[in-house]
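All remarks here apply to the structure that follows.
The values are calculated or read from the model by the stated rules, or taken from the named source; none is laboratory data. Computed from a predicted model, the values in this text were never measured in an experiment. Cβ placement follows ideal geometry from the backbone for every residue including glycine, while neighbour counts extend to all protein chains displayed.
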Amino acid sequence: MMQQCNVSKLIFTSCGAFYRHFVKADESTFLAAATFVLSLSTSFILVLFIPVDIYLVSNGDVEISNLEITQRLVSKFYHCSYRNEFDDNIVPCENVIESLKKTIYFICLLVALSIIGLIYRPGHKLAMSYGIACLPLSFLQQKNIEHDKKEIEARFANLKEKEMVIKHKYRAPSEIRGSDKYEILRIEKMQRALSRYNYKLQEIEKTSESWLSYVIGIVLTFRVITGLVFLTFSFVIYISLLASITDKYFNSVCAYKCGFVLEKINTIFNLLDSSLLLFSRLFPLDIFLIASLAIYIFCCSLYGIVNVGIRVCFIPLYKLKTRRSSPETMLVLCFVIIHIILVLIMTLLTIAPNYITYGIQRIRINDPLAFIKCSLKTDKNVCKMSVLSVFFNKIFFGIPYFANSYFFSNWMFILMYSLSFVYRIFFKRISYLDSLDELSLSKESLDEHMNLLPLEKLT
């Protein structure tokens with residue numbers, strides 16, 4: 001009981017820290033923070049139910065009559081009512097009516113997003129594939145100070161050239177038109193931002209020459225080890241998913257008519273599924289591995305959302321920014337995370353179908369040392385399916401269109417993972433400038449309007 005309380009406290013604390021890291025401090029309220037923390041914590045705790053379900057179905061003496069996990073989150077559009085709370089010029093009745101109208105608009109938006117998401121949902125594939133591909137590389141790739149210095153020098157020269165071209169068009173400064181004055185002001189602000197970048201790089205370079213470099217070296221060693229572990233997880237997920245959907249494509253008896261369902265699982269060797277069945281002999285190593293895998297995919301999805309943003313059909317809606325995200329953005333993030341839980345469960349069912357569906361159950365035949373794997377052909381009273389697999393199999397058989405959409409979206413996941421991985425290795429340079437605090441560059445609203453970060457937008 002004490003361990004469960006400690007885990008719950010850790011989850012709630014982590015979610016609270018995540019909220020404070022991204023939200024605008026001057027716009028945040030207690031209601032917003034409580035809604036976000038409760039939603040994200042509940043979603044994260046639901047992920048931990050996956051290994052519990054597998055453990056229960058793996059033990060034949062445990063009867064599972066009914067297991068329903070329901071998450072209900074009612075979060076009204078509080079910001080509309082809060083915004084005018086201290087305005088004495090607004091009649092309370094008008095404030096309530098206006099708040100109700102905007103609440104209805106917000107609910108309609110969520111319903112529309114849900115309908116679009118059920119019909120066509122590439123957004124979660126983009127965020128999840130990007131996160132699984134790039135999160136390990138963010139630990140492994142090193143930053144190059146010399147490259148950043150050369151980049152700053154080149155952009156300084158480019159900005160200076162632009163400024164001179166504008167000034168040469170006029171004989172005197174008083175003749176400069178308003179649009180060109182604004183452009184000169186914009187260039188000057190960019191130059192100040194680049195100066196701050198350069199100063200930050202000098203501080204980092206001095207730190208690397210001091211005794212702190214030894215401490216940084218030790219931390220870097222653990223970071224590389226962590227990156228290698230994450231990269232192994234990502235490759236296993238990629239290879240297992242590719243093997244599973246290839247198996248479905250070539251060996252499904254009914255193809256698109258039933259959503260590429262397999263009667264016999266794992267005709268093609270599946271690395272993750274076979275590893276979990278092997279580790280099941282060393283209980284609870286298999287449960288620990290599947291729990292770690294579920295948490296890893298969940299964290300990769302969050303990493304992808306933070307870097308790619310919240311999108312619907314490749315249309316960007318919100319971009320998470322450190323200490324600059326509005327409370328509304330965080331609430332929409334909660335809505336997206338709830339859908340990520342659904343995708344996470346379906347992903348685990350795809351990359352490890354045999355283990356997630358039947359656990360370590362096997363059927364003993366006449367030979368005392370021989371066993372056969374459970375499948376859809378076996379008696380359901382002999383091989384019990386997990387609650388998660390029963391739920392999704394009913395959907396797949398009942399609505400083949402849903403299963404077909406998910407099947408082809410897995411191919412899109414493979415494509416996006418490959419493109420993200422290649423782009424991050426060969427075309428994307430990791431820079432110290434990417435991790436600078438945006439608020440430390442300028443407090444003026446004009447800087448935010450000009451999008452000083454990321455660095456690629458400076459010129």
With respect to LEU342, determine if the residue is at pLDDT 80 or above and either surrounded by fewer than 15 Cβ atoms within 10 Å (Cβ to Cβ) or in contact with a helix residue (DSSP H, G or I) (Cβ under 6 Å, 6 or more places away or on another chain) (or both). no
For PHE402, are the conditions met, namely being aromatic (Phe, Trp, Tyr), modelled with pLDDT under 80, under 29 Å from GLY304 (Cα atoms) and part of a helix (DSSP H, G or I)? yes
Filter segment 210-234 for residues that are out of contact with any Pro (no Cβ under 9 Å at 6 or more places or on another chain) and modelled with pLDDT of 85 or more and give the result. ILE225
Could you check, for segment 317-332, whether at least one of its residues is within 25 Å of TYR406 (Cβ to Cβ), β-branched (Val, Ile, Thr) and touching a helix residue (DSSP H, G or I) at 6+ places or on another chain (Cβ under 9 Å)? yes
Is it the case that segment 366-385 has a residue that's at pLDDT 75 or above and more than 24 Å from LYS257 (Cβ to Cβ)? yes
So ASP247, is it closer than 26 Å to PHE397 by Cβ and surrounded by 19 or more Cβ atoms within 10 Å (Cβ to Cβ): yes
